[in-house]
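Computed from the coordinates by the stated procedures, all read-outs in this text should not be read as laboratory data. On a predicted model such as this, the values are computed, not experimentally measured, just so you know. Positions of Cβ are generated from backbone atoms using ideal geometry, with glycine treated the same way; all protein chains shown enter the neighbour counts.
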Amino acid sequence: MTPQDIHPAGPNRRRFLAASAGGALAACSSPQPEPEASQASEEPALDGGFIDGHVHVWTPDTEAYPISPKFEKAGMKPPSFTPEELFAHCRPLGVERINLIQMSFYQDDHRYMLDMMASHPGIFAGTGLLTDITADGARPADRMRELGDKGLKAFRIGGRSSADGPGWMEHPNFKELYKVASERGLILSFLVNPADLAEVERLCTEFPDAPVIIDHLARLRVASPTLAEDTEKLLRLADRPKVWVKVGAFYALSADGPPYVDLLPLIQRVVSTFGAERCMWESDCPFQVQPPNTYAASVELIRDRADFLSTEQKRQLLSKTAESLLFT
């Protein structure tokens, strides 16, 4: 990931996945309706009402919703992922509410996400994108307040976005963001690698009341030769009671692909350390639904295959944690 591109897309995203998830993303295609879920264990299925903690949506209508000059329309892959396309995947699996993540195509123009939230009341929460945090004259804390007033609950920050290496959050603007998070209860949502977590921990120690989410299991990949030590970097944050973890993006983190059972030992370790009440499931659509990956496979890993979780713990990951953080 480059400092200028908080959430890589198209070819950049495929390079990101190769670097941080141990494999390239399959060629993107227009999503198709999800097949019915299968049962992978004898444990009774939960009764739906699930919340997806992490989804990107966008429209091919770049006249109404222009993309940033940093991107080209040809790089929007898939070319469309609207709420209606999302619902075709998630609703058959019992996923009823979704936390939308501002897509990098739009950079700081949050109109599409805000419009989708307004047109689907009660269905979507929203996580904004903070861009150019350390640029001359940047006032990201003011932007955070402004978007918070419009209903956004969380704000995404990319690791090393200041290009300063290990001390990537030394710029005073990051302290301002933590202050606003502490004062308003707005959440800082971090897209980071394990090497970036020390800075997150440092500011969480200085601002213990600031709520923080770590996206995508801190991009811990099963095939990494440093998985054990990298996992410890994430688990250290369990001592900070205001830190939560998103458990998902399985398409990127698994070495074997669906049904992603190679991720279960890592998930067990994270959930047992943080507690289920501080973990939430996420799909990271539309990337999770690019073949051979499916939405069903992501849901089923938690719902049906994580036998170390009780039914109540599964319900916590699949709905209750996200509900308490993002829908209250």
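Rounded to whole numbers, the Karplus 3J(HN,Hα) couplings from phi for the range 109-121 are 7, 8, 4, 4, 4, 5, 5, 5, 5, 5, 7, 10, x Hz, using 6.51 cos²θ - 1.76 cosθ + 1.60 with θ = phi - 60°, and x at Gly and Pro. Take the residue pairs Lys175/Lys233; Lys73/Lys314; Lys70/Lys320; Lys70/Lys242; Lys70/Lys314; Lys150/Lys175 and return only those whose Cα atoms are more than 32 Å apart. Pairs exceeding 32 Å: Lys73/Lys314; Lys70/Lys320; Lys70/Lys242; Lys70/Lys314. Over the C-alpha atoms of the range 214-328, the Rg to Rh ratio, Rh being the Kirkwood estimate, stands at 0.94.
Remark on Trp58: its backbone amide H falls under 5 Å from those of Phe81, Thr82, a criterion applied only to residues 5 or more positions apart or on other chains, H modelled at 1.01 Å from N. Centroid-to-centroid, using Cα positions, the range 62-89 and the range 225-248 are 32 Å apart. When Rg and the Kirkwood radius Rh are both evaluated on Cα atoms of the range 148-279, their ratio Rg/Rh stands at 0.97. When Cys285, Cys90 are arranged by Cβ crowding within 10 Å, least crowded first, meaning fewest neighbours, the order is Cys90, Cys285.
Distances between placed amide hydrogens fall under 5 Å for Arg156 paired with Gly128, Leu129, Leu130, Ser189, all partners being 5 or more residues away or on another chain. Alpha-carbon geometry of the range 47-326: the Rg and the Dmax are 17.8, 51 Å, given in that order. With the simple model of a label 7 Å out from the Cα in the direction of the Cβ, Lys73 to Ile123 spans 2.5 nm. Compute the normalised compactness of the range 46-161: alpha-carbon radius of gyration over 2.2 N^0.38 Å, N being the residue count. Output field value: 1.11. Counting neighbouring Cβ atoms within 10 Å and putting the fewest first, the residues Thr273, Thr127 line up as Thr273, Thr127.
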